[in-house]
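**Student:** Below is a structure I'd like to ask you about.
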Amino acid sequence: EVRNASGCSRATKMGCGTSARPQPSDKAADNEGENLDKALADMGLTAKDVDAACKASWEATDKDKSGSVDKKELSSCLKRFFKQIKKAHPGANIPPKEKRDEQAEKMLEEMDEDSNGSLDHDEFNKFVKILLLEVVSADED
């Protein structure tokens, strides 16, 4: 299960699960990343575009330059993401800060593969790719 940008749960072929699930092997994690990359490519996003989005998001989110993203930074990232959605889709229902903080906590739980309480660069890139999938999928509907 993966939590999408609106905090809803959705089953995926990517194998992202809850922190209660045993941690995936390196091979499974590699396959998961390849599946995300393929899904993005199938939607017309080039690897260069995806890499640029991940890099820009990382630089904007890792404010303290610690090399990891904590819950507060992830909540700020969601705020920027929701603002962009609202700008592109003025009628979009954007959650209030309290809800966004809950979503950040749930997403951190879902994406934090090593259970250290923050997202490292690879975990964060996977998070951004899932957000990109959500946005592109929503635009196609």
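**Student:** How much length is gained on full extension from Asp37 to Ala52, taking 0.36 nm per residue of separation minus their Cα-Cα distance?
**Tutor:** Numbers: separation 15, 0.36 × 15 = 5.40 nm, distance 1.34 nm.
Extra length from Asp37 to Ala52 when fully extended: 4.1 nm.
**Student:** I need to check one value: relative contact order of segment 60-137, counting alpha carbon pairs closer than 8 Å and at least 6 residues apart, in percent.
**Tutor:** Working: 60 pairs, mean separation 25.4, N = 78.
Reported relative contact order: 33 percent.
**Student:** Strictly greater than 18 Å: what percent of every Cα pair in segment 66-141 meets that?
**Tutor:** The answer is 41 percent, as a whole percent.
**Student:** Enter the accessible area per residue of segment 60-137 (Å², integer; probe 1.4 Å; all protein chains in place).
**Tutor:** 53
**Student:** So what are the ³J(HN,Hα) numbers for segment 99-115, from phi and the Karplus equation (6.51, -1.76, 1.60; θ = phi - 60°), rounded to whole Hz, Gly and Pro as x?
**Tutor:** Whole-Hz 3J(HN,Hα) from phi for segment 99-115: 5, 4, 5, 4, 4, 4, 5, 5, 5, 4, 4, 5, 8, 7, 5, 9, 6.
**Student:** Using a 1.4 angstrom probe on heavy atoms only, work out the carbon and sulfur share of the accessible area of segment 60-137 in %.
**Tutor:** Values: 2180 of 4150 Å².
That fraction is 53 percent.
**Student:** Taking a virtual spin label 7 Å from the Cα of Glu102 along the C-beta vector, which residues in segment 59-90 bring their backbone nitrogen under 20 Å of it?
**Tutor:** Residues 71-83 qualify, since their backbone N sits under 20 Å from the label point.
The values are calculated or read from the model by the stated rules, or taken from the named source; none is laboratory data. Everything numeric here is computed off the predicted structure, so don't read it as measured data. Cβ atoms come from the backbone with ideal geometry, glycine included; neighbour counts cover every protein chain shown. Side chains included, ligands, DNA and RNA excluded: accessible areas come from the protein's heavy atoms. Shrake-Rupley method; radii C 1.70, N 1.55, O 1.52, S 1.80 Å.
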